[in-house]
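Each reported figure results from applying straightforward, stated rules to the coordinates on display, with no laboratory input. Treat the numbers as computed from the prediction; the structure is a model and nothing was measured. Because the Cβ atoms are built from the backbone with ideal geometry, glycine has one as well, and the counts that use them run over all protein chains shown.
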2 protein chains.
Amino acid sequence: MMKFSISALKPKKLIAAAACLAVLSSPAIAADKVYKLKLAETWGANFPIFGDATKNMAKMAETMSNGRLQIRIDSSNKHKSPFGVFDMVRSGQYDMGHSASYYWKGKVPNTLFFTTMPFGMIAPEQYGWFYHGGGMELMEKVYGKFNLLSFPGGNTGNQMGGWFQTEIKSLEHLKGLKMRVPGFAGEVMAKLGVKPTNIPPGELYTALERRTIDALEWVGPSLDLRMGFHKIAPFYYTGWHEPSTELQFLVNKKVWAKLPADLQEILRVAMRTAAYDMYIQSTHASGENWAKMQTEFPNIKVKTFPTEVMDALRKANDDLLAEKAAENPLAKEILKSQADYMKNVRVWTEISDKAYLDSLSVN
Amino acid sequence: MMKFSISALKPKKLIAAAACLAVLSSPAIAADKVYKLKLAETWGANFPIFGDATKNMAKMAETMSNGRLQIRIDSSNKHKSPFGVFDMVRSGQYDMGHSASYYWKGKVPNTLFFTTMPFGMIAPEQYGWFYHGGGMELMEKVYGKFNLLSFPGGNTGNQMGGWFQTEIKSLEHLKGLKMRVPGFAGEVMAKLGVKPTNIPPGELYTALERRTIDALEWVGPSLDLRMGFHKIAPFYYTGWHEPSTELQFLVNKKVWAKLPADLQEILRVAMRTAAYDMYIQSTHASGENWAKMQTEFPNIKVKTFPTEVMDALRKANDDLLAEKAAENPLAKEILKSQADYMKNVRVWTEISDKAYLDSLSVN
């Protein structure tokens with residue numbers, strides 16, 4: 001296929017070229033038109049790491065397409081509806097979204113399973129499940145009927161268990177605690193008497209300060225320190241509940257279908273790369289911030305939940321998984337797929353990275 | 001910028017369009033010509049996982065560019081020079097290569113540091129170093145003067161310590177052992193009396209069978225089982241020496257400079273994604289094959305080196321790192337950069353994935 005670039009022509013040639021426009025005018029030209037998409041993200045303006053993932057994706061898409069695919073990003077400051085992303089992309093008000101699948105569990109219960117699961121897979125394991133273990137196909141089964149395509153949108157790595165204003169020394173200390181904790185982890189903690197809630201990122205600090213909530217989990221050192229939570233809730237617990245939180249790109253299916261094949265591939269690859277890149281950026285920022293935390297914020301008290309609490313969480317998790325599997329056949333299929341996959345891949349993780357890290361700790 | 005697609009025009013319009021060609025003919029058209037690049041890979045034809053990475057990269061590049069960037073892949077069966085990739089890309093005989101940086105240590109000593117290091121970073125940590133910790137810039141310092149650009153080319157994950165015909169029960173058992181083990185690990189093992197060598201992948205099985213070598217390390221369960229090593233060397237040791245082996249894409253700098261900006265970005269992103277994708281494919285295949293190994297190949301004896309050997313390896317490694325750092329200022333700079341980066345990021349790995357995996361083992 002030959003193509004001509006008008007913009008680089010000299011003025012004289014432009015006149016002649018303009019004369020040719022009428023001749024060349026044909027539907028084929030539509031294949032080279034500029035596609036302008038609008039993306040709504042759950043995050044506020046210039047939100048670090050999560051917002052970098054959307055910017056990285058849009059920039060790659062624009063450069064690779066030589067400007068033929070332009071994606072405008074609206075933060076929640078603009079669209080005012082952080083948890084409306086699913087509906088806005090479904091309806092076509094926005095062409096794309098960047099959010100997290102488990103935010104939609106109240107609307108479509110089976111969306112719960114495509115972000116991360118308590119006691120579940122770590123990031124490389126979960127990417128293995130998405131791309132080689134049937135995860136993408138199952139996600140299509142859940143999202144397809146809503147006129148949506150869903151893609152991995154960036155991994156935070158293993159998340160911390162959250163910030164607490166008081167130390168959790170027993171199961172008793174969790175009873176009645178109001179905590180921001182979304183997804184399945186919220187349901188698990190509810191079994192232990194916690195009152196879980198979800199709150200948009202921009203309102204978290206105020207909610208904690210005004211005691212609308214007593215505790216919250218957000219991400220980990222990569223993002224938490226700049227939120228300031230440590231000033232009002234200094235007990236920082238290690239993680240169990242979100243071992244590999246994967247964000248989500250949503251695309252309106254009709255918009256996708258209208259893109260020519262090369263732009264579809266450019267968009268697919270830009271999203272995929274931006275997701276991986278965010279995992280690595282999160283790893284990097286977590287390392288940097290954890291080091292900073294130890295030296296600059298020595299008052300933060302890093303804790304692990306007592307065995308009594310961990311055992312109860314594990315049991316509540318197992319019970320809830322059984323309940324979910326009984327709710328509908330697709331939930332059962334997804335949970336079985338994840339459990340089967342983890343069974344194989346975890347043995348490998350244990351004999352490779354874990355055995356390696358263990359051997360270094362000993363030495 | 002407006003563009004016209006000739007190939008989709010109707011015959012009548014094609015004639016008119018042809019008349020316009022003379023008018024439009026200008027250097028700007030060169031920006032839309034088809035670029036055909038040739039890539040030489042170290043691996044044999046249809047080599048699994050490693051070969052999939054080059055095919056995945058080339059396919060993404062071709063689809064995203066709508067056929068304007070075509071990459072022909074020549075395996076070592078074709079070019080007959082598995083370890084000549086560096087020279088062939090440097091000279092322009094090939095435009096690109098797919099290999100591993102540490103294969104060139106005999107030629108350019110500082111290339112050693114860009115694959116993996118014994119007792120070094122695991123995969124997400126090392127990607128963090130490449131993309132956020134100065135690794136890419138240091139790699140440019142090493143490769144730039146040879147008319148080459150080097151990019152991450154796919155990670156195998158943590159590698160196994162290798163296949164041995166006899167059990168290694170003490171340091172004594174390593175003395176005089178002929179082993180295929182490339183990179184820095186070979187030098188470390190040499191300090192313990194091993195005779196290290198590197199052998200092209202296609203000749204490994206025969207070399208082991210004919211006792212040209214007594215032992216070898218290759219990758220891990222993702223690739224080793226189909227090579228058949230277990231039939232003649234059933235002792236399979238856990239890893240210490242290649243915690244995150246990253247392959248390498250090489251690009252001739254002059255070829256890169258001739259690509260228009262959109263194709264440069266398409267190539268950069270295709271290589272980056274193919275590298276990440278290979279890490280995930282390796283994770284997946286390792287899990288699958290490890291499970292298969294336990295059931296289908298029960299005669300394989302999985303072992304860990306005794307403490308005496310591990311301690312000696314660690315000490316030899318530390319001594320060698322000090323020697324390398326003294327050799328030239330750039331080696332010192334690279335090793336310091338890696339050590340500093342690992343110091344921060346490893347603490348995070350330990351409090352996140354490792355603490356999480358530990359807590360599950362206990363429960």
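Summary of values
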| quantity | calculated |
| --- | --- |
| Sequence of A:ASP358, B:ASP318 once ranked by neighbouring C-beta atoms within 10 Å, starting from the fewest | B:ASP318, A:ASP358 |
| Cβ-derived FRET efficiency at R0 45 Å, A:LEU360 paired with B:ASN328, nearest 0.05 | 0.95 |
| Cβ charges +1 (Lys, Arg) and -1 (Asp, Glu), total dipole of the stretch B:176-269, debye | 300 debye |
| Counted charge near A:GLY161, where neighbours are those whose Cβ lies closer than 10 Å (Asp, Glu -1; Lys, Arg +1) | -1 |
| Diffusion coefficient, µm² s⁻¹, Stokes-Einstein with Kirkwood Rh over alpha-carbon pairs of the protein assembly as shown at 20 °C and 1.002 mPa s | 78 µm²/s |
| 10 Å Cβ neighbours from other chains, averaged over peptide A:122-135 | 5 |
| Rel. contact order, % - alpha carbon contacts under 8 angstrom, at least six apart, chain A | 22 percent |
| Gaussian network model of chain A, springs between alpha carbon atoms under 10 Å - residue of A:LYS55, A:LYS105, A:LYS343 with greatest fluctuation | A:LYS343 |
| Cα-Cα over 25 Å, subset of A:LYS55/B:LYS332; B:LYS55/B:LYS253; A:LYS78/A:LYS107; A:LYS195/A:LYS315; B:LYS78/B:LYS107 | A:LYS55/B:LYS332 |
| Rounded Å value of the spacing that divides the Cα centres of the stretch A:331-363 and the stretch B:226-280 | 23 Å |
| Selected from A:ALA40, A:ALA53, A:ALA285 as most flexible by GNM, with chain A as the system and alpha-carbon contacts under 10 Å | A:ALA285 |
| Candidate aspartates and glutamates for bridging to A:LYS343, where Cα separation is under 13 Å - those fewer than 8 sequence places away on the same chain excluded | A:GLU125, B:GLU288 |
| Share antiparallel - DSSP beta bridges, the protein assembly as shown, percent rounded to 5 | 50 percent |
| Pairwise FRET efficiency - A:LYS343 versus B:LEU171, Cβ, R0 = 35 Å, nearest 0.05 | 0.40 |
| Shielding of A:338-346 by partner chains, average beta-carbon count, 10 Å | 3 |
| Projected area averaged over orientations for the stretch B:286-356, convex hull of C-alpha atoms, nm² | 7.6 nm² |
| Antiparallel DSSP beta bridges within chain A, as percent of all bridges there, nearest 5 | 45 percent |
| All-pairs Cα distance distribution in chain B, expressed in whole percent, bin size 20 Å | 27, 54, 16, 4, 0 |
| Amide H contacts of A:LYS195 (H built 1.01 Å from N, under 5 Å, at least 5 apart or other chain) | A:GLY176, A:LEU177, A:LYS178, A:MET179 |
| Per-residue Cβ neighbour rank within 10 angstrom, fewest leading, B:ARG180, A:ARG346 | A:ARG346, B:ARG180 |
| Helix A:261-296 axis, angle to chain A major axis (alpha carbon atoms, nearest 10°) | 40 degrees |
| Label point 7 Å beyond Cα along the C-beta direction, distances from B:LYS231 to other copies (nm, shortest first) | 6.9 |
| Proximal aspartates and glutamates relative to B:LYS145, as straight alpha-carbon distance under 20 Å, when same-chain residues fewer than 8 apart are discounted | B:ASP87, B:ASP95, B:GLU137, B:GLU327, B:GLU333 |
| Listed residues A:ASP74, A:ASP32, A:ASP52, most fluctuating in chain A (Gaussian network, C-alpha, under 10 Å) | A:ASP32 |
| Cβ charges +1 (Lys, Arg) and -1 (Asp, Glu), total dipole of chain A, debye | 1480 debye |
| Sum of -39500 (n - 2.57) over DSSP H runs of 4+, divided by residues of the protein assembly as shown (222 nm, nearest 500) | -14500 deg cm²/dmol |
| Simple spin-label estimate for B:TYR205 and A:ALA207 in nanometres, 7 Å along Cα-Cβ | 5.9 nm |
| Furthest towards positive pole of dipole, B:GLY239, B:LEU204, B:PHE249, structure part the stretch B:190-261, Cβ charges | B:PHE249 |
| Size of charge dipole - the stretch A:260-302 - debye, nearest 20, with Cβ of Lys, Arg +1 and Asp, Glu -1, no other charges | 200 debye |
| For residues of B:275-286, the mean tally of beta carbons on other chains within 10 Å | 6 |
| Which of A:MET136, B:MET139 has the fewest Cβ neighbours within 10 Å, and the rest in rising order | A:MET136, B:MET139 |
